[in-house]
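To keep things clear, I will list the structure first and then write my remarks on it.
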Amino acid sequence: MIHWNRIKRVALDFIFPNRCPYCGKIIGSKEKVCAPCLEILPRIEKPTCKVCGRGVAFCRCHRSYAFDRCVAPFYYEGNARNGLILFKFRGWLKNAVVFAEEMAQVVRREYGNSSSDVIVYVPMTKHAVRKRGYNQSKLLAEELSKQLEIPILTDGLIKCKELNPQHMVGMRERWSNVMGAFCVENEELICGKRVLLVDDVMTTGATLDQCARMLKQAGARSVRCAVFASTSPQRLVKPIKVAYNIADAPVKRTAPVAQQRG
Ligand SMILES: [Zn+2]
Ligand SMILES: [Zn+2]
């Protein structure tokens, strides 16, 4: 029986080889990530902003958010961005497992083990889910729920209206674009809870802010966010390549004001 299972596994590996979730290269069946990708993943390193979760040199907290904090394992750059595109637009759903492991690590480190009562994810409209076939944030939230052993609240937030996709509108318009887009249907499921809000990417923070606003209006005690990747200012990152934290960043090119709030 064991022998048969081994044959089956070899055959399956041959037909559906295990691939690196970030670059797509074939890797061993027990490997999670290829060695070159592991080396160059754009990890967010300390010191980090206690609000947006980016390295302090890349903090973009220009306003106060409705959420309490956000954390992410990576910047939305290089192979982390590539992996997310495979996951979000090419149907590489298995990537959710590896991505959620990275998110779970940073959640445990920054928020502690029992810091949330319930996981809520950023919703898509039914039409958008039908079109893509899945909501990538829900898949990440489901994996996080298993790994952190925190219950997930399906449909904790509902997307009440279809918007122009956030990546299609300008940075300033993103804030007005999401207004009134999300709602909480069952306030009693949120009231008094410490919510872990999950999304795939944080850019301006407008989407997370609007979702957190609705959750707090419904009585959430706290809203902490976890995303897979956070964008960093392109103008800043490109010329200095991999200098992601303040210790590495050249003095002349650090962000205008690096804010760190408690
Ligand atoms: Zn790789
Ligand atoms: Zn910040």
**Item:** Residues located in region 96-115, provided they are over 24 Å from G55 (Cβ atoms) and either in contact with a His (Cβ under 9 Å, 6 or more places away or on another chain) or crowded, with 20+ Cβ neighbours inside 10 Å (or both)
**Value:** A96
**Message:** Considering only residues that are without any contact (Cβ under 8 Å) to a residue 40 or more places away in the chain and more than 12 Å from V201 (Cα to Cα), which ones fall in region 66-88?
**Reply:** G78
**Complete:** Considering residues that are open to solvent by less than 10 Å² (accessible area, probe 1.4 Å) and outside any loop (DSSP other than H, G, I, E, B), the number found within region 203-235 is 13
**Item:** Number of the condition not met by L189 [criteria: (1) within 26 Å of N95 (Cβ to Cβ); (2) open to solvent by 70 Å² or more (accessible area, probe 1.4 Å)]
**Value:** (1)
**Message:** Looking at region 178-196 only, could you name the residues that are in contact with an Asp or Glu (Cβ under 9 Å, 6 or more places away or on another chain), modelled with pLDDT of 95 or more and of a type in the set (V, I, T)?
**Reply:** V195
**Prompt:** Name the residues in region 28-58 that are within 20 Å of G78 (Cβ to Cβ), more than 12 Å from ligand 1 (Cβ to nearest atom) and open to solvent by 10 Å² or more (accessible area, probe 1.4 Å), would you?
**Reply:** R43, I44, E45, K46, T48
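The values are calculated or read from the model by the stated rules, or taken from the named source; none is laboratory data. Not measured: the values here are computed from a predicted model. Cβ: placed from backbone, ideal geometry, glycine included. Neighbour counts: every protein chain shown. Side chains are part of the model used for accessible areas, which takes the heavy atoms of the whole protein and leaves out ligands, DNA and RNA. Shrake-Rupley method; radii C 1.70, N 1.55, O 1.52, S 1.80 Å.
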